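> Following this message is one structure expressed as structure tokens.
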Amino acid sequence: MKREHQEIGGDGGGGLTGMVGGGKGKIKEEDDDGVDELLAALGYKVRSSDMADVALKMEQLEMAMGSNAGAAPDDSLIAHLASDTVHYNPSDLSTWLETMLSELNTPPPPLPPAPADRHLSYDLPPAPAVSVQSSIFDTIAPAESSTITTVDFSAPPPPPARPVTGRVSYGPTETPSDLTGTRERKRMRSSSASSSSSRGGGVAGIGSVNTATTEASSISPAAQGPPVVIVDSQEAGIRLVHALMACADAVQQDNMKAADALLKQISVLAASQGGAMRKVASYFAQALAGRIYRIHPQQDCSLDSAFSDILQMHFYETCPYLKFAHFTANQAILEAFAGRRRVHVIDFSMKQGMQWPALLQALALRPGGPPSFRLTGIGPPQPDNTDALQQVGLKLAQFAETIHIDFEYHGFVANSLADLEPYMLDPNRAGGAVSSADEEPEAIAVNSIFDLHRLLASPGAIEKVLGTVRAMRPRIVTVVEQEANHNSGPFLDRFTEALHYYSTMFDSLEGGAGSGGGGGGGAVESGGGQQQDQLMSEVYLGRQICNVVACEGTERTERHETLTQWRSRMVRAGFEPAHLGSNAYKQASILLEFFAGGDGYRVEERDGCLTLGWHSRPLIATSAWRLADAAAR
């Protein structure tokens, strides 16, 4: 290493002119005050105030030159410093050290790109035949006022990945002989980090300059492995989607060894992503892990139902899907009850009763006065054996009293809707009461919000429930279900459809949060409240993902079907469509204008039914039905 000291002269006036000897030597200082005398005697100009900074730089230089614990000396690096590096004014120690560090920390030129013909060893299945224009897995620039990204599932998959500390790296792209013209890699250390933090090893984000210490220069070519290719988050996102699909394919083929290896790769790739992409990929990875390792935690059904109700309340506040479901169902019921003096609503999932105050208000404002209103709420047992249904009914009764509606309430606890019988839902039949000839019969409406698909897990259950509904002779039946097919075909098809569906759903959550959170005419919530609602909504959807992917048999209850499939079921059960009017469409569209992120939501009318989706992907559907053979009473 070259050190070119300035010569000592008696008349120079610019350097150090004194010498040390016999107690009589004297150091002649430069014009600058505060120069450290000890270092000045050795030929270096260092101010006392700069001592700490110089010490830190010397320590960093020592680390960069190979003094890490257990690291072998880097001869190529030392030779480079001896021949290529020029150090200006070495008497100015601080500047000299800075020059050397800047030379050492110069990043090597990028390696050549990976060849285009390297790909995974399986054929990626096409996406299900559903119109999907936007989901989070896209590498194309998103449209204006949209936070969504999608991926082209038909693109050839990139080469497999291998984890490297601090970044994501991928398989071999060049042989060592192809890299002879490439500058040798050097060990690098951040100029702002202490030695202790550097030895601990930091994690550098994708796209940032990697300042972690590497040991490639001191390892033989045979041992150092394939060259590292640094990729951006978009390329990692494509690899992540293909890894998910490959893992699902391995699970379908019962190749659990390959699935396990791919699952570890998914974890590395998901960590490099952010936002909705990382979240939905993590939930699918968790679901795949549950299926691969056969992890099926036993949960108390009543406790699980109570927790699901809490999560659904947060989902209600975060996005407009449940609000849309309640609003459109209420509009169909209100139109069916026109002119009737006695009405009866049977709710298959009472929960917190959030749907019914709006309907009660609309009936109270009806010309000619409100009808008498009877509500039958059905719900599962509670873990603490409390009568939650009666508590909800009491609150609704108090509300009905304030708006002067004759209100009657009955609550039924049932483990399954298939346990219900017609006489249970009609107190007049149960008690043997007979209506007088002059008394107007009740107009009955049956309401189901995200309930019927759970019955598909038990053979014959859906037919039993629809038969019970038919026996009640309802005037209207309202059904709201997810617009997705998670109940047919092989596992890979179901996984692909679920990946499309929930990536879009998570994207809509991110879009609504980016626009300021939930809306709906209420007071603006605090940022902490919005974050909690969104987090719990993600857990709500994540539980559905785990059930769709990890479970089978009667345990898989999230068996969503499309509107076309439900139409076939309802027609076979003796019902016909009752078209939702244009008024419901207009009012639903107005509802979304008051909700944050409303630009991304879309209401569509399909064969008399209404769907709500994110951009061009329908996510939930509302339909109304009536008896086909005769007029309901």
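The values are calculated or read from the model by the stated rules, or taken from the named source; none is laboratory data. The shown structure was predicted, so the numbers you read here are calculated from the model rather than taken from an experiment. Here the Cβ is made from the backbone with ideal geometry for all residues, glycine too, and neighbour counts use every protein chain on show. To get the accessible areas, we keep the full protein, side chains included, count just its heavy atoms, and leave off ligands, DNA and RNA. Shrake-Rupley method; radii C 1.70, N 1.55, O 1.52, S 1.80 Å.
> Taking amide H positions as placed in the peptide plane 1.01 Å from N, state which residues far from TYR601 in sequence (5 or more) or on other chains have amide H under 5 Å from it.
Placed amide hydrogens put HIS615 under 5 Å from TYR601.
> Still on this structure: In terms of the Cα gyration tensor, with a ≥ b ≥ c the square roots of its eigenvalues, is region 240-326 rounded because a/c is under 1.5, prolate because a/b exceeds b/c, or oblate?
On the way: a/c = 2.72, a/b = 1.57, b/c = 1.73.
Note, shape of region 240-326 comes out oblate.
> Fully extended, how many nm does the chain gain between HIS404 and GLN565 (0.36 nm per residue separation, minus their Cα-Cα distance)? Provide the component values of the computation, followed by the final result.
Details: separation 161, 0.36 × 161 = 57.96 nm, distance 4.16 nm.
Computed gain between HIS404 and GLN565 is 53.8 nm.
> Rolling a 1.4 angstrom probe over the protein heavy atoms, how many square angstrom per residue are accessible across region 248-347? Write out the running numbers ahead of the final one.
Working: 4170 Å² over 100 residues.
Result: 42 Å² of accessible area for each residue.
> What does the charge add up to near LEU563, with Lys and Arg as +1, Asp and Glu as -1, over the other residues with Cβ less than 9 Å from its Cβ? Let's see the in-between values first.
Values: positive: ARG567, ARG606; negative: GLU481, GLU483, GLU561, ASP607.
Combined, the nearby Lys, Arg, Asp and Glu give -2.
> A follow-up question, please. Give me the extension gain from HIS579 to LYS257: residue separation times 0.36 nm, minus the current Cα-Cα distance, reported in nm with one decimal. Please report the intermediate quantities before stating the final value.
Values: separation 322, 0.36 × 322 = 115.92 nm, distance 5.14 nm.
Length gained, HIS579 through LYS257: 110.8 nm.
> Determine the shape class of region 357-490: with a ≥ b ≥ c the square roots of the Cα gyration tensor eigenvalues, call it rounded for a/c under 1.5, and otherwise prolate if a/b is greater than b/c, oblate otherwise.
Values: a/c = 1.65, a/b = 1.53, b/c = 1.08.
The shape class here is prolate.
> Turning to a different aspect of this structure: Less than 12 Å Cβ to Cβ from ARG454, Lys/Arg counted +1 and Asp/Glu -1: what total charge do the surrounding residues give? Don't jump to the answer; show the numbers that get you there.
Working: positive: ARG556, ARG559; negative: ASP451, GLU481, GLU555, GLU558, GLU561.
Net charge around ARG454: -3.
> Ranked from highest to lowest mean number of other Cβ atoms within 10 Å per residue, what is the order of the peptides 244-251, 481-488, 409-416? Can you show the working numbers first?
Values: 244-251: 23.4, 481-488: 21.2, 409-416: 15.9.
Per-residue Cβ counts within 10 Å, averaged per peptide and sorted highest first, yield 244-251, 481-488, 409-416.
> For region 289-415, what does the alpha-carbon gyration tensor say about shape, rounded, prolate or oblate, given a ≥ b ≥ c as the root eigenvalues, a/c under 1.5 as rounded, and a/b over b/c as prolate? All intermediate terms of the calculation are to be shown ahead of the outcome.
Numbers: a/c = 2.78, a/b = 1.93, b/c = 1.44.
Prolate shape, in that a/c is at least 1.5 and a/b is the bigger ratio.
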